[in-house]
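Report on the following structure.
The values are calculated or read from the model by the stated rules, or taken from the named source; none is laboratory data. Owing to the predicted nature of the structure, the values given are computational and were not obtained by experimental measurement. Ideal geometry is used to build each Cβ from the backbone, glycine not excepted, and the neighbour counts take in all protein chains shown. All accessible areas refer to the heavy atoms of the entire protein, side chains included, with ligands and DNA or RNA removed. Shrake-Rupley method; radii C 1.70, N 1.55, O 1.52, S 1.80 Å.
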Amino acid sequence: MSTNPPDLRPDIAPRARLNDPVRDGQPTIGMVSLGCPKALVDSERILTRLRAEGYGISPDYAGADAVIVNTCGFLDSAKAESLSAIGEALTENGRVIVTGCLGAEPEYITGTHPRVLAVTGPHQYEKVLDAVHEAVPPSPDPFVDLLPASGVSLTPRHFSYLKISEGCNHKCKFCIIPDMRGRLASRPAHAIVREAEKLVENGVRELLVISQDTSAYGVDIRHAEERGHRAHITDLARDLGSLGAWVRLHYVYPYPHVRQLIPLMADGLVLPYLDIPFQHAHPDVLRRMARPAAAARTLDEIAAWRDICPDLALRSTFIVGYPGETEAEFQTLLDWLDEAQLDRVGCFQYENVEGARSNALPDHVPDEVKQDRWERFMEKAQGISEAKLAAKVGRTIDVIVDEVDDEAATCRTKADAPEIDGNLFIDEGLETLSPGDIVRVQVDEAGEYDLWGALSS
């Protein structure tokens with residue numbers, strides 16, 4: 001049992017879980033998946049294709065004939081983490097194929113690790129498969145190697161990420177994701193709904209909708225309607241909500257049409273949870289970021305959402321120490337946070353990223369000032385979180401069980417996404433609980449980020 005740390009990186013995906021049995025003589029591939037949930041979905045797709053071709057999936061380096069490292073290139077620190085993971089895989093296994101966002105810069109990788117077998121960019125599934133075929137030829141057994149109906153999952157059986165689009169049309173100065181993953185490319189709505197149906201049929205109790213810009217879903221295909229499903233986020237949310245699983249929306253930009261989602265949350269069709277990357281609150285900082293600069297109107301919008309759905313939980317991420325950020329601009333952010341009263345908050349200290357336009361901005365903030373502002377920001381956010389959780393003591397709420405051990409059942413409320421938000425712990429009467437159960441709990445204790453409760457009789 002563990003409690004939620006306050007400095008958890010807000011872009012990270014849950015740890016990949018590999019437990020596929022391997023038959024004697026079966027060629028095996030290991031997978032190291034770094035970065036965000038979108039990358040984890042890419043890893044699942046790669047392994048699903050490999051599994052269909054007769055490859056086994058190894059949970060460790062020693063048991064693998066080769067290892068795929070799916071990299072992250074979001075921040076320079078993430079790039080360093082990716083290079084370190086590649087180096088570890090080379091040391092422990094020696095046969096390494098690199099893919100993912102950092103793969104868009106092959107020279108950056110091969111300059112440090114020239115022994116890698118191949119480097120491919122993000123969502124280049126065919127090239128990854130070609131590299132695997134060359135390194136480890138397939139040897140399928142048609143009587144044994146049958147692909148599970150739900151494909152290969154790297155998350156626990158009861159929740160799954162559902163990627164609805166690739167790429168992004170925004171041009172934020174601090175971000176190079178559009179350069180690596182391209183412009184917005186939405187999946188057909190009917191294909192998403194069919195995938196969701198299969199996941200639910202196979203035991204998934206929670207669908208986590210992800211993309212780079214969920215609000216913009218369908219814009220690039222003119223909200224096309226096909227096979228009875230329209231490619232618009234409101235329609236898609238309604239369709240997914242009809243399947244009987246929890247539906248959680250991530251990476252939602254606060255466009256005006258987002259207000260159409262809130263009644264669906266009030267009615268219980270989708271979870272009352274919005275993950276919105278506000279990034280900052282001062283209009284001048286937002287303009288330097290090349291982001292919408294209407295923070296005051298956003299407060300009005302948040303108030304309107306809460307009027308419709310009082311239980312709405314808002315999560316966001318922010319950047320402190322952005323180039324040119326003054327003490328007064330940072331104080332505006334703290335004051336805005338006081339007014340917004342967001343439920344869950346993550347924070348980055350600004351980092352230069354090779355290729356980002358923000359690198360050329362004047363007046364970069366010293367590291368010690370960034371650290372100080374991060375600490376002050378997190379102290380403010382922690383106080384808000386603590387007060388909001390304290391207000392839940394005495395309430396009876398629904399939770400989903402993630403893990404059960406000898407000490408407690410680790411659960412999440414509707415206000416908590418896996419890994420990035422808090423937990424609710426049940427430490428009595430665990431005997432009947434299993435991962436994926438959705439149960440009623442009376443909250444009897446609150447901390448800074450987590451809750452404790454007892455099963456409701």
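Details
- For V128, the criteria (1) buried (at least 21 other Cβ atoms within 10 Å of the Cβ); (2) under 22 Å from the mean Cα position of the chain (by Cα) hold in every case but one, which is (2).
- Looking only at the stretch 58-68, and only at residues there that are in contact with a Ser or Thr (Cβ under 7 Å, 6 or more places away or on another chain) and part of a strand (DSSP E or B), the one that is nearest to S153 (Cα to Cα): S58
- Flag if G54 is surrounded by fewer than 22 Cβ atoms within 10 Å (Cβ to Cβ) and either touching a residue at least 60 places away in the same chain (Cβ under 8 Å) or under 25 Å from T214 (Cβ atoms) (or both): yes
- Within the stretch 332-357, considering residues that are touching a His at 6+ places or on another chain (Cβ under 9 Å) and of a type in the set (S, T, N, Q), the one surrounded by the fewest Cβ atoms within 10 Å (Cβ to Cβ): N352
- Just one of the listed residues (R287, R297, R291) is among the charged types (D, E, K, R), open to solvent by less than 30 Å² (accessible area, probe 1.4 Å) and closer than 30 Å to A360 by Cβ, and it is R291.
- Residues in the stretch 232-247 that are among the aliphatic types (A, V, I, L, M) and either touching an Asp or Glu at 6+ places or on another chain (Cβ under 7 Å) or part of a strand (DSSP E or B) (or both): L243, A245, V247.
- Failed condition for T214, given (1) crowded, with 23+ Cβ neighbours inside 10 Å; (2) out of contact with any Phe, Trp or Tyr (no Cβ under 7 Å at 6 or more places or on another chain): (2)
- Test: P310 is surrounded by fewer than 17 Cβ atoms within 10 Å (Cβ to Cβ) and free of Cβ contacts under 8 Å to residues at least 40 places away in the same chain: yes
- Among the residues examined, T326 qualifies as surrounded by fewer than 19 Cβ atoms within 10 Å (Cβ to Cβ) and β-branched (V, I, T).
- Among the residues of the stretch 74-103, those that are in a helix (DSSP H, G or I), open to solvent by 40 Å² or more (accessible area, probe 1.4 Å) and not aliphatic (A, V, I, L, M) comprise D76, S77, E81, S84, E88, T91, E92.
For (1) open to solvent by less than 20 Å² (accessible area, probe 1.4 Å); (2) modelled with pLDDT under 95; (3) of a type outside the set (K, R), each residue gets a yes or a no:
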{"site": "Q382", "(1), (2), (3)": "no, yes, yes"}
{"site": "K388", "(1), (2), (3)": "no, no, no"}
{"site": "V399", "(1), (2), (3)": "yes, no, yes"}
{"site": "R412", "(1), (2), (3)": "yes, no, no"}
{"site": "T432", "(1), (2), (3)": "no, yes, yes"}
{"site": "V443", "(1), (2), (3)": "yes, no, yes"}
{"site": "E448", "(1), (2), (3)": "no, yes, yes"}
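- Entry remark, the stretch 203-231: residues being within 19 Å of T48 (Cα to Cα), in contact with a strand residue (DSSP E or B) (Cβ under 9 Å, 6 or more places away or on another chain) and not in a strand (DSSP E or B) number 1 in total.
- Selection from the stretch 380-405 of residues that are in a helix (DSSP H, G or I), of a type outside the set (S, T, N, Q) and out of contact with any helix residue (DSSP H, G or I) (no Cβ under 8 Å at 6 or more places or on another chain): G383, E386, A387, K388, L389, A390
- Among residues of the stretch 127-147 that are at pLDDT 90 or above, those with a beta-carbon under 7 Å from a residue that is aliphatic (A, V, I, L, M) and in a loop (DSSP other than H, G, I, E, B) at least six positions away or on a different chain give the pairs A131/L117; A135/L117.
- Evaluated against (1) of a type outside the set (D, E); (2) over 26 Å from the mean Cα position of the chain (by Cα); (3) surrounded by 17 or more Cβ atoms within 10 Å (Cβ to Cβ), L424 falls short on exactly one condition, (2).
- Taking each residue of the stretch 361-379 that is part of a helix (DSSP H, G or I) and looking for partners that are loosely packed, with under 15 Cβ neighbours inside 10 Å with beta-carbon atoms closer than 8 Å, six or more apart or interchain, yields M378/D7.
- Single residue of the stretch 151-201 satisfying the filter (among the β-branched types (V, I, T) and more than 18 Å from V252 (Cα to Cα)) that is most open to solvent (accessible area, probe 1.4 Å): V200
- Close pairs from the stretch 384-396: first within 21 Å of S456 (Cβ to Cβ), partner in a strand (DSSP E or B) and open to solvent by 60 Å² or more (accessible area, probe 1.4 Å), Cβ under 6 Å, at least 6 apart: T396/R440; T396/Q442
- Candidates are the residues of the stretch 111-125 that are within 28 Å of the chain's Cα centre (by Cα) and without any contact (Cβ under 8 Å) to a residue 24 or more places away in the chain; the one that is surrounded by the most Cβ atoms within 10 Å (Cβ to Cβ) is V119.
- Conditions (1) of a type outside the set (F, W, Y); (2) over 23 Å from L342 (Cα atoms); (3) without any contact (Cβ under 8 Å) to a residue 40 or more places away in the chain: number failed by R440: (3)
- Only one entry in G346, G324 is more than 24 Å from the chain's Cα centre (by Cα) and not in a helix (DSSP H, G or I), namely G324.
- Any hit, the stretch 174-182, residues being farther than 22 Å from D76 by Cβ, touching a residue at least 24 places away in the same chain (Cβ under 8 Å) and not aliphatic (A, V, I, L, M): no
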